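A short write-up of the structure that comes next.
The values are calculated or read from the model by the stated rules, or taken from the named source; none is laboratory data. All figures in this text were calculated on a predicted structure; none of them were measured in a lab. In this analysis, Cβ positions are derived from the backbone assuming ideal geometry, glycine residues included, and neighbour counts consider all displayed protein chains. Areas reflect the complete protein model, heavy atoms only, side chains present, ligands, DNA and RNA absent. Shrake-Rupley method; radii C 1.70, N 1.55, O 1.52, S 1.80 Å.
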Amino acid sequence: SLSLWQVVPYFSTCDVHFKKTPAQLGHFQPEDFNYPFTSPQARSELFFHPDVLNRAADILTAEKISCTGDDLSAWIKLQPASIESTVQLQAVHPNPDVSPRALLALYQAYIDYSKSLYHSAFEKAIEQVDVLLVENATERQKITATLRLEIEKVGLETGVFDPEVHGQIISSLIVDMRRRSGISPASS
């Protein structure tokens, strides 16, 4: 008779497979820029980030299911799956309609939050590239100005105006300046 009064919980599960990230595929090195998630474990832990849980709670509240992020973390558990780079989300709730909708809301919130983190990481990487471009342009201007002064100085000191001799002297100056600035002779 006790089992007649017990509420039977309803289960819903969702398998999430993580594709390899650009870092895992070797497109760049982790030190190139701060890529947010490089492992399936780091990405799966993001499901229970407070911002993700609160976004999911907001989605469910808009669907007339009143809950908080704490409620969702109590209803949904993360389980390892037998397939590599895959995790399983399992929702348990007494209402059969809530558990699948909670999983869907959590997954949508996860996608939205992940996108914002990825975009933020790429924006920071672009900013770093922009800074490097400005630094390189400034260095190039300095080298160009120095080279022009050296060319004028060579012309005045040697009195040689033969284009071939002048070209050889300038070429050796350029190689020397590249060595001093740390630029390899093959790159430009």
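When Lys142, Lys115 are screened for being assigned to a helix (DSSP H, G or I), over 30 Å from Cys14 (Cα atoms) and modelled with pLDDT under 90, only Lys142 passes. Give the residues of the stretch 120-145 that are closer than 21 Å to Pro40 by Cβ and open to solvent by 80 Å² or more (accessible area, probe 1.4 Å), sorted by residue number. Within the stretch 120-145, just Phe122 meets the criteria. Here Ala57 meets each of (1) modelled with pLDDT under 70; (2) open to solvent by less than 80 Å² (accessible area, probe 1.4 Å); (3) among the aliphatic types (A, V, I, L, M) with one exception, condition (1). Arg148: surrounded by 12 or more Cβ atoms within 10 Å (Cβ to Cβ) and modelled with pLDDT of 70 or more, yes or no? No; evaluated as a whole, the condition is false for this residue. Any residue at all in the stretch 85-101 that is open to solvent by 50 Å² or more (accessible area, probe 1.4 Å), out of contact with any Leu (no Cβ under 7 Å at 6 or more places or on another chain), over 23 Å from His17 (Cα atoms) and assigned to a helix (DSSP H, G or I)? Scanning the stretch 85-101, I find no residue that is open to solvent by 50 Å² or more (accessible area, probe 1.4 Å), out of contact with any Leu (no Cβ under 7 Å at 6 or more places or on another chain), over 23 Å from His17 (Cα atoms) and assigned to a helix (DSSP H, G or I), so the answer is no.
Filtered by the rule that a residue be touching a Cys at 6+ places or on another chain (Cβ under 9 Å) and open to solvent by 20 Å² or more (accessible area, probe 1.4 Å), the stretch 102-119 gives Leu104, Tyr107.
Evaluating Ser82 against the criteria (1) of a type in the set (Gly, Ala, Ser); (2) open to solvent by less than 50 Å² (accessible area, probe 1.4 Å); (3) free of Cβ contacts under 8 Å to residues at least 24 places away in the same chain leaves one unmet condition, (2). Going by the structure shown, is Asp51 more than 20 Å from Phe11 (Cβ to Cβ), in contact (Cβ under 8 Å) with a residue 12 or more places away in the chain and acidic (Asp, Glu)? So Asp51 passes the test. Being in a helix (DSSP H, G or I) and closer than 30 Å to Arg180 by Cα is a description that applies to Ile126. When Phe37, Phe33, Phe47 are screened for being surrounded by 13 or more Cβ atoms within 10 Å (Cβ to Cβ) and either at pLDDT 85 or above or part of a helix (DSSP H, G or I) (or both), only Phe47 passes.
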